[in-house]
Amino acid sequence: MISSLYIHIPFCDRICNYCDFCKVLKGTFSEELYIKALIKEIDSLNIKKNSLKTIYIGGGTPTALSDNLFKELLSYLNKRFYHPKEFTVEANPESLTKKKVSLMLRYGVNRVSLGVQSSNDERLRFLGRNHQAKDVIKAVGLLRKNMLLNYNLDFIYGVPGMQKSDVVKDVNFAIMLKPTHLSFYSLQIEDGTVFKNNKIEAESDLKMSETYNLIRGLLSKRGYHRYEVSNFALKGYESIHNLNYWHDGMYYAAGVSASGYMGNIRYTNTRSIYNYCKGINHQIINKIEPKDEEFEFLMLNLRLQKGFKLTDFYSRFNKNFLTSYKDQIAKVKDDVLIDSKSFKIKPNKIYIMDAILLDLLK
Ligand code: SF4
């Protein structure tokens with residue numbers, strides 16, 4: 001049974017210089033029309049009442065919605081799917097208000113993911129963010145005051161000019177805010193972004209991997225264990241919703257550009273908010289062939305610190321991984337850890353994961 005739902009809210013108060021997500025500048029399109037179309041789509045998914053274990057509202061910026069529409073969406077979800085085990089809403093520090101927090105609490109949200117990105121105001125300006133470090137402290141204070149204590153903070157590293165001391169400052173800032181979960185993503189320069197147009201260049205892979213190892217070491221000393229390439233958590237606070245993705249589990253998705261996975265089909269909704277709201281949703285449908293299914297299973301599960309259980313591979317594909325992949329495993333034996341129960345990439349080899357996967361799938 002599918003027990004996770006992702007919902008995309010595309011509105012943002014400002015467009016960040018590095019962002020290639022599907023987003024719309026707030027005020028340029030009707031939020032009312034969007035929420036109406038979104039609720040219609042969720043209804044059409046025919047999800048059994050109260051059957052969801054996780055809901056994740058991402059974006060865009062969900063907290064950029066007006067209070068009324070934020071309330072309309074949360075109360076609808078609360079009525080349909082009463083208190084899922086994990087109910088996350090992404091928020092930006094400048095739009096996480098007292099009113100938004102009280103609505104989250106009223107309608108069963110029990111986890112918040114806050115886009116922090118940096119502790120340095122100059123770097124935040126460079127990234128095109130709409131907040132300063134003091135807004136982050138205020139937003140976290142609001143969450144803590146209201147006992148919404150399960151929150152993730154997102155950071156970006158590898159910003160040009162960032163020194164080792166800046167990375168240490170970000171990590172210390174993050175820890176000072178007492179999150180249960182932290183995500184550190186490397187800055188990627190994607191097509192169509194302001195950075196790409198301005199010919200900003202990403203840091204070298206070597207520098208990125210050094211920074212990554214520094215972050216990993218600092219966080220591990222403070223009790224945040226890496227359970228996925230970019231994700232760290234206190235014990236017991238790993239994201240259930242995201243773990244389902246990495247375990248190659250199925251999930252519903254709703255909203256413009258949202259991607260879902262059911263049976264052997266991955267679907268992606270239209271990226272046009274105009275068409276979406278008119279009910280014209282030309283989805284991209286990808287049927288996953290058996291060989292691709294194995295590739296996706298390996299690609300996703302090997303992002304996890306724990307890798308995958310050999311019995312899980314067997315029950316999914318009805319074959320023994322160690323014997324079926326014997327020749328390929330021989331090629332990557334120095335980069336992986338194998339025991340009688342599981343298969344995983346060595347922690348210090350995560351940065352060459354793509355090469356390991358290529359060898360495994362040849
Ligand atoms: S707030 Fe998030 S989704 Fe919106 S533009 Fe910035 S990075 Fe993109």
- [ ] Between Arg316 and Lys346, take the C-beta separation as r, use R0 = 25 Å, and let me know the FRET efficiency to the nearest 0.05.
- [x] 0.60
Task: Descending Cα extents along the principal axes, the stretch 1-127, whole Å - done: 47, 28, 28
TODO: With all protein chains present, calculate the accessible area of Ser220 using a 1.4 Å probe and round the result to the nearest 10 Å².
DONE: 70
Task: Solvent exposure ordering (accessible area, 1.4 Å, most first) of Glu86, Glu190 - done: Glu190, Glu86
Open item on the list: Report for the chain the percent antiparallel among DSSP-assigned beta bridges with both residues inside it, nearest 5.
Closed with: 40
TODO: Give me the distance in nm between label points sitting 7 Å out from Cα along the Cα-to-Cβ direction at Asp121 and Leu45, one decimal.
DONE: 4.1
Open item on the list: Per residue, how large is the accessible surface of the stretch 1-57? Use a 1.4 angstrom probe and give square angstrom.
Closed with: 48
- [ ] Lys and Arg at +1, Asp and Glu at -1: add these up for the other residues within a Cβ distance under 14 Å of Asn17 and post the number.
- [x] +2
TODO: Would you mind telling me the share, in percent, of accessible area of the stretch 70-223 contributed by carbon and sulfur at probe 1.4 angstrom?
DONE: 49
Open item on the list: How large is the accessible surface of Asp339 in square angstrom, using a 1.4 angstrom probe and rounding to the nearest 10?
Closed with: 80
Open item on the list: Please report the net charge: other residues with Cβ closer than 13 Å to the Cβ of Lys291, K and R +1, D and E -1.
Closed with: -2
Open item on the list: So if I place +1 on the C-beta of Lys and Arg and -1 on the C-beta of Asp and Glu, and nothing else carries charge, what would the dipole magnitude of the stretch 87-190 be about its Cα centre? I want it in debye, nearest 20.
Closed with: 560
Open item on the list: Rounded to whole Å, give me the distance from the Cα center of the stretch 157-177 to that of the stretch 250-290.
Closed with: 36
Task: Charge tally in the Cβ shell below 11 Å around Leu52, where Lys, Arg are +1 and Asp, Glu are -1, Leu52 excluded - done: +4
Task: Reciprocal mean inverse distance between Cα atoms of the stretch 4-246 - Kirkwood radius, Å - done: 18.6
TODO: Determine how large the accessible area of Val167 is when every protein chain is in place; take a 1.4 Å probe and give Å² rounded to the nearest 10.
DONE: 10
Open item on the list: Let me check something: with ligands and nucleic acids excluded, how do Lys196, Lys326 order by accessible area (1.4 Å probe), largest to smallest?
Closed with: Lys326, Lys196
- [ ] Quickly rank 73-80, 23-30 as a protection proxy: mean count of other C-beta atoms within 10 Å, highest first.
- [x] 73-80, 23-30
Task: Accessible area of the stretch 306-362 belonging to carbon and sulfur atoms, whole % at 1.4 Å probe - done: 53
Task: Cα-centre dipole for the stretch 306-362 with unit charges at Cβ (Lys and Arg positive, Asp and Glu negative), debye to 20 - done: 180
- [ ] Find the cysteines in the chain that fail to meet the 4.7 Å Cβ criterion with every other cysteine, and list them.
- [x] Cys12, Cys22, Cys277
Open item on the list: Just to confirm my numbers, what's the Cα centroid distance between the stretch 309-330 and the stretch 73-111 in Å?
Closed with: 41
Task: Listed residues Leu322, Leu360 arranged by accessible area, highest first, probe 1.4 Å - done: Leu322, Leu360
Task: FRET efficiency, 1/(1 + (r/R0)^6) with R0 45 Å, evaluated for Leu105 and Asp327 via beta carbons - done: 0.25
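The values are calculated or read from the model by the stated rules, or taken from the named source; none is laboratory data. Since this is a predicted model, take the numbers as computed values, not measurements. Note: ideal-geometry Cβ built from the backbone for every residue, glycine included; neighbour counts use all protein chains shown. Note: areas computed on protein heavy atoms with side chains; ligands, DNA, RNA excluded. Shrake-Rupley method; radii C 1.70, N 1.55, O 1.52, S 1.80 Å.
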